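What follows draws every value from the coordinates through simple rules; no lab data is involved. All figures in this text were calculated on a predicted structure; none of them were measured in a lab. Quick reminder, even Gly has a Cβ in these numbers, built from the backbone with ideal geometry, and neighbours come from all protein chains shown.
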Amino acid sequence: LAKTTQPISMDSYEGQEVNITCSHNNIATNDYITWYQQFPSQGPRFIIQGYKTKVTNEVASLFIPADRKSSTLSLPRVSLSDTAVYYCLVDPLYGQNFVFGPGTRLSVLP
Amino acid sequence: DAGVTQSPTHLIKTRGQHVTLRCSPISGHKSVSWYQQVLGQGPQFIFQYYEKEERGRGNFPDRFSARQFPNYSSELNVNALLLGDSALYLCASSSGAQETQYFGPGTRLLVL
């Protein structure tokens, strides 16, 4: 199983760029990496997914180095509403476990 | 389009009872996964179903079971409830293998 490791918590200020790194040393060849955002008492919300190099959408960027043993979620110009827990998930093929890490609690301060 | 829906939103049971949680996937999605999230922890994978067949199972006891219906909705059943089963139960749907999973709002279960 591809376990993930993330920082437990991070603090930032409004308007700053935030980078959260996830380690997944035993990621398998066919695994994708997906990041989710979760607010209290709500289901996780999809942010971005990638396999290698760089992926960008309207809310975030995802950087994955060539060895794919880590990935970095980049949130540009965070606001107070970005305060949440961010999870890195390694997406396996069917028939295997989906393993969420403990998540990173991001606090955005005014 | 409606997102993933789950029912009920909240539930209180006592130890030893049985519970059934329900999930309706996004229209067109054929895969449903169930997760348990204990307060302060990340979601833990319980089951995945695709085209009405079990495709993955997490490290949960046999008291936990699930099924998927022809319309791709799903039920999670938990027998002989324990206090430790108190958690937020999340359902996620996706259109296929390694496609994005979209989560529902969850069912909060409290076992007294």
Quick check on chain B: of the DSSP beta bridges with both residues there, what percent are antiparallel, nearest 5%? 90
With +1 at each Lys and Arg Cβ and -1 at each Asp and Glu Cβ, the charge dipole magnitude of chain A around its Cα centre, to the nearest 20 debye, comes out at 220
Here the relative contact order (percent) of chain A, from C-alpha pairs under 8 Å and at least 6 apart, is 37
Residues other than A:T83 with Cβ under 11 Å of its Cβ, Lys/Arg counted +1 and Asp/Glu -1, net out at -2
First select every other residue whose beta carbon is under 12 angstrom from the beta carbon of A:P40; then total the charges, Lys and Arg +1, Asp and Glu -1. +2
Quick one: plug the Kirkwood hydrodynamic radius of chain A (C-alpha pairs) into Stokes-Einstein at 20 °C, 1.002 mPa s, and report D in µm²/s. 153
Under a straight-distance cross-link criterion of Cα-Cα below 21 Å, which lysines are reachable from A:K3, leaving out those fewer than 8 residues away in the same chain? A:K52, A:K69
Testing the spin-label approximation: label points 7 Å from Cα along Cα→Cβ at B:N79 and B:K52. State their distance in nm. 2.3
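Rounded to two decimals, what is the ratio between the C-alpha radius of gyration of region B:5-56 and 2.2 N^0.38 Å? Could the numbers behind the result be given before it?
Numbers: Rg = 13.0 Å, N = 52, 2.2 N^0.38 = 9.9 Å.
Region B:5-56 yields a ratio of 1.31.
Quick check: net charge around B:D85, other residues with Cβ under 10 Å of its Cβ, Lys/Arg +1 and Asp/Glu -1? Don't skip to the end; give the middle numbers.
Working: positive: B:K13, B:R15, B:R63; negative: none.
Around B:D85, the surrounding residues sum to +3.
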Which value, to two decimals, describes the C-alpha radius of gyration of the protein assembly as shown once divided by 2.2 N^0.38 Å? 1.01
At q = 0.10, 0.15, 0.18, 0.20 1/Å the base-10 log of I(q)/I(0) from the Debye formula over the alpha-carbon atoms of chain B is -0.25, -0.57, -0.82, -1.01
Quick check: pseudo-label points 7 Å beyond the Cα along Cα→Cβ at B:R22 and B:L112, how many nm apart are they? 2.4
In Å and whole numbers, how far do the C-alpha atoms of region B:54-108 stretch along each principal axis, longest first? 34, 21, 21
Cβ-Cβ FRET estimate between B:E99 and B:T5, R0 fixed at 25 Å, reported to 0.05: 0.85
Dipole-positive endmost among B:Q44, B:A80, B:T20 within region B:1-90 (Cβ charges, Cα centre): B:A80
If you take every DSSP beta bridge whose two residues both sit in the protein assembly as shown, what share of them, in percent to the nearest 5, is antiparallel? 90
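Work out the FRET efficiency for A:M10 and B:I12 from their Cβ-Cβ distance, taking R0 = 35 Å, and round it to the nearest 0.05.
Numbers: r = 35 Å, r/R0 = 1.01.
Using R0 = 35 Å, I get an efficiency of 0.50.
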